[in-house]
Amino acid sequence: MNEEKIDLPKELFDDTPLEPTKVFDNLYCIGSRSVVAWALKTSEGIILIDSMWDNHDGQLIIDGMKKLGLSPQEIKYIIITHGHGDHYGGAQFIKDNYKAKIAMSETDYNFMNTVNSGANGPRSPKCSVDIMIKDGQKIESGDTLVTIIETPGHTPGCISLIFSVKENGTNYNAVLWGGTGAPSDLEGKLYYRKSIDYFEKYAQIEHATVEITAHLFSENGYSKLETVRNRNDNETNPFIIGEDGIKNYFDNLRKQIDYMIEKQKKQ
């Protein structure tokens, strides 16, 4: 038996907006309890990472940016981590209104356009794509580089990201694992497992010390966001977890998927 039923977390269906938050000097979090977008401010515009579920969420992102003092006219790129509707659904709305270029892997562009159920249901408008991104590619905007790493598993063409964030004059390398949650099929899980190791190698090379996610419910993210908003100047940013914390993060991902693989093989 190759299929295993995946129980989706209830938070995925909770559209309660979160308070837009400046997490680093150049990185901002906007979204809902279900899913968030990240706005990465560069010297030549803004790179938006993911776009939530739909046009309404696209407007929520725009309103959140304005509340944070960011100009949506400066959105240069929208990077879509994978072809599920809660990540691409707001992209076309933002592109149409602000002329941003959408970047996505070709594999998941095709996945997005051929799957119309589940997370890819009618709620989420499909988007056109301007840049078909590939493994190892770098998207550059002024002083900022975002490195694209192909991490198939969650979806066939899922990507993960590495980029630099700033706080009080210090740079930190951040990682974003593009696909939260294992797929239902065994083959997908095995790809997911390989992708963890592959992405971790890049994280180690770049000495990453910051970890962020599109789904804050998966990593105590609501609490971290609250801490960032209310912390004193001398308190550590909770998204900075150090190289040991990054190692533990990948170890936990491996432990979870290994358990699921072994369980499914016995079915």
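Close contacts from the range 102-130, counting a first residue that is more than 22 Å from Leu161 (Cα to Cα) and of a type in the set (Ser, Thr, Tyr) and a second that is outside any loop (DSSP other than H, G, I, E, B) and modelled with pLDDT of 95 or more, with Cβ to Cβ under 6 Å and a gap of 6+ residues or different chains, come to Ser124/Gly85. Meeting the requirement of 3 or more residues that are modelled with pLDDT of 95 or more and β-branched (Val, Ile, Thr), the strands (runs of 3 or more DSSP E) wholly within the range 126-178 are 144-150, 159-167.
Looking across the range 10-46, the residues that are among the aliphatic types (A, V, I, L, M), out of contact with any Lys or Arg (no Cβ under 9 Å at 6 or more places or on another chain) and closer than 20 Å to Gln73 by Cβ come down to Ala37, Ala39, Leu40. The set of residues from the range 202-237 being of a type in the set (A, V, I, L, M, F, W, C), within 15 Å of Asn248 (Cα to Cα) and not in a helix (DSSP H, G or I) comprises Ala208, Val210, Ile212. Checked against the criterion of being surrounded by fewer than 19 Cβ atoms within 10 Å (Cβ to Cβ), under 22 Å from Ile257 (Cα atoms), modelled with pLDDT of 95 or more and not polar (S, T, N, Q), the candidates Tyr202, Tyr222 yield just one match: Tyr202.
Whenever a residue of the range 211-238 is within 15 Å of Phe24 (Cβ to Cβ), its partners that are basic (Lys, Arg) and part of a strand (DSSP E or B), lying with C-beta atoms within less than 8 angstrom and at least six residues away or across chains, give the pairs Val228/Lys22. On the stretch given as the range 209-219, residues that are modelled with pLDDT under 95 and either surrounded by 19 or more Cβ atoms within 10 Å (Cβ to Cβ) or among the polar types (S, T, N, Q) (or both) total 1.
Look at the range 173-190: where a residue is over 18 Å from Gly83 (Cα atoms) and a partner is at pLDDT below 95 and outside any loop (DSSP other than H, G, I, E, B), sitting 6+ places away or on another chain with Cβ atoms under 9 Å, you get Leu186/Glu3; Leu186/Gln264; Leu186/Lys265.
Within the range 194-212, one or more residues are over 18 Å from the mean Cα position of the chain (by Cα) and farther than 18 Å from Gly245 by Cα.
The residues of the range 250-267 that are touching a residue at least 60 places away in the same chain (Cβ under 8 Å) and under 23 Å from Leu216 (Cβ atoms), listed by number, are Leu253, Arg254, Gln256, Ile257, Met260. Looking across the range 158-208, the residues that are under 26 Å from Tyr77 (Cα atoms) and of a type in the set (Phe, Trp, Tyr) come down to Phe163, Tyr172, Trp177, Tyr198, Phe199, Tyr202.
Residues that are more than 15 Å from the chain's Cα centre (by Cα), in contact (Cβ under 8 Å) with a residue 12 or more places away in the chain, farther than 22 Å from Lys41 by Cβ and surrounded by fewer than 20 Cβ atoms within 10 Å (Cβ to Cβ): does the range 137-150 have at least one? Taking every residue of the range 137-150 in turn, none turns out to be more than 15 Å from the chain's Cα centre (by Cα), in contact (Cβ under 8 Å) with a residue 12 or more places away in the chain, farther than 22 Å from Lys41 by Cβ and surrounded by fewer than 20 Cβ atoms within 10 Å (Cβ to Cβ). Of all residues in the range 10-45, those satisfying the criterion of being aliphatic (A, V, I, L, M) and in contact (Cβ under 8 Å) with a residue 60 or more places away in the chain are Leu12, Leu18, Val23, Leu27, Val35, Val36, Ala37, Leu40.
Selection of the range 154-178 for residues being crowded, with 24+ Cβ neighbours inside 10 Å and out of contact with any strand residue (DSSP E or B) (no Cβ under 7 Å at 6 or more places or on another chain) yields His154, Thr155, Cys158.
The values are calculated or read from the model by the stated rules, or taken from the named source; none is laboratory data. Computed from a predicted model, the values in this text were never measured in an experiment. As a convention, Cβ positions derive from the backbone with ideal geometry for all residues, glycine included, and neighbour counts pool all protein chains shown.
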